[in-house]
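Since the structure comes first, as structure tokens, the remarks are kept for the end.
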Amino acid sequence: MNYRDFLQQVIYKIINPIVRGMIKVGITPNFITTTGLLLNIAAACLLIYAAIEAPGNLAYVGWAGGVILFAGLFDMMDGRLARLGNMSSTFGALYDSVLDRYSELFTLFGIVFYLFLEGYLWGAIIAFVALIGSLMVSYVRARAEGLGLECKVGLMQRPERVVLTALGALFCGIMGGCQSFDPMLILIVPLAVIALLANVTAFVRIAHCWKLLQNQG
């Protein structure tokens, strides 16, 4: 069992009682998926508001990080709810994937907007490259699976991206009063890691698919 599977099982043990409660009251996976998207939009709105109305107040960045992290739980609960409640469907899988992409676009757009207006041009560029990498990781997998190829390899998959983004923003807000270094680096450095490893992961997946097709040939 790799580290992702281990952590997933730990989280499932924590959320299973909540998920079973949702099943009893009739909450659907698509409702949970939609709620997760709305939370990510709320996080982006916090960042946009902070950039326009409260420049320099990193508390808003911290709150946005907390919302992104909370929304990540909904991203796990919808799939778990579908499986435990026997509510899995082809449309549900499509809906979940599409809204996941929207969620990342909104949150990373909010971060790009915030960094740009705060004068961190290079930070905004790094966040935009992270956005590109996030989309391409998902696109390569979707395109590969459309061709009948399994493609789940790579380090920087969605859970890792969400956790790094959320924790970076959260601790940026917590350390907002730090005088020994620029607290914005706590947000920008994780984004740089995502920007690098997400794009590397996309190309690793391309190479993986090439090998699979070569073996088939």
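The values are calculated or read from the model by the stated rules, or taken from the named source; none is laboratory data. Fair warning: this is a prediction, and the values are worked out from it, not measured in the lab. Reconstructed Cβ throughout: ideal geometry from the backbone, glycine too, with neighbour counts over all protein chains shown. Surface areas here come from the heavy atoms of the whole protein model, side chains and all, with no ligands, DNA or RNA. Shrake-Rupley method; radii C 1.70, N 1.55, O 1.52, S 1.80 Å.
Over 15 Å, how big is the tail of the calculated P(r) for the stretch 70-112, in percent of all Cα pairs? Walk me through the numbers on the way to the answer.
Working: 440 of 903 pairs.
Tail fraction, whole percent: 49.
Using a probe of 1.4 angstrom, how much of the accessible area of the chain is carbon and sulfur, in percent? Could the numbers behind the result be given before it?
Working: 8210 of 11750 Å².
Of all accessible area on the chain, carbon and sulfur atoms account for 70 percent.
Ordering THR35, THR28 by how much accessible area each has at a 1.4 Å probe, largest first, what is the list?
Working: THR35 35, THR28 65 Å².
Output order, biggest surface exposure first: THR28, THR35.
Where does the chain land on Rg/Rh, using Cα atoms and the Kirkwood Rh?
1.00
Highest GNM mean-square fluctuation, the chain, Cα pairs closer than 10 Å: which of GLY92, GLY65, GLY110?
Most flexible of the set in this elastic network: GLY92.
Restricting to Cα pairs below 8 Å that are 6+ residues apart, what does the relative contact order work out to for the chain? Please round to a whole percent.
Values: 287 pairs, mean separation 53.1, N = 217.
Once normalised by length, the contact order is 24 percent.
Quick check: with the 1.4 Å probe, what order do ILE32, ILE11 take by accessible area, largest first?
Values: ILE32 5, ILE11 55 Å².
So, going from the largest accessible area down, we get ILE11, ILE32.
Just need log10 I(q)/I(0) for the stretch 94-177 at q = 0.19, 0.25 Å⁻¹, Debye formula, equal scatterers on the alpha-carbon atoms, no solvent, rounded to two decimals.
-0.90, -1.31
Stretch ALA93-PHE116 to full length: gain in nm at 0.36 nm per residue minus the Cα-Cα span? Could the numbers behind the result be given before it?
On the way: separation 23, 0.36 × 23 = 8.28 nm, distance 3.47 nm.
Full-extension gain reported as 4.8 nm.
Highest GNM mean-square fluctuation, the chain, Cα pairs closer than 10 Å: which of LEU105, LEU185, LEU170?
Of the options given, LEU185 has the highest mean-square fluctuation.
Have a look at GLY173, PHE109, GLY154 and report the one farthest towards the positive end of the charge dipole of the stretch 83-217, computed about the Cα centre with Cβ charges (Lys/Arg +1, Asp/Glu -1).
Most positive-ward Cα: GLY154.
Could you identify which residue out of PRO55, PRO17, PRO183 has the top mean-square fluctuation in a GNM of the chain using Cα springs shorter than 10 Å?
Answer for the Gaussian network model of the chain: PRO17.
What's the FRET efficiency of TYR49 with CYS178 using the Cβ-Cβ distance as r and R₀ = 30 Å, to the nearest 0.05?
Numbers: r = 23 Å, r/R0 = 0.75.
Calculated transfer efficiency: 0.85.
What 222 nm value per residue comes from the helices of the chain, counting each DSSP H run with n ≥ 4 as -39,500 (n - 2.57) and dividing by all residues, nearest 500 deg cm²/dmol? Walk me through the numbers before you get to the answer.
Numbers: 7 runs with 177 residues, N = 217.
Computed mean residue ellipticity for the chain: -29000 deg cm²/dmol.
So which trypsin sites (Lys or Arg not before Pro) in the stretch 129-208 pass both tests, a DSSP loop state and at most 11 other Cβ atoms within 10 Å of the Cβ? Walk me through the numbers on the way to the answer.
On the way: sites: ARG141, ARG143, LYS152, ARG161, ARG205; in loops: LYS152.
The qualifying sites are LYS152.
Could you compute how much accessible surface MET22 exposes when probed at 1.4 Å, giving the result in Å² to the nearest 10?
MET22 exposes around 20 Å² with every protein chain in place.
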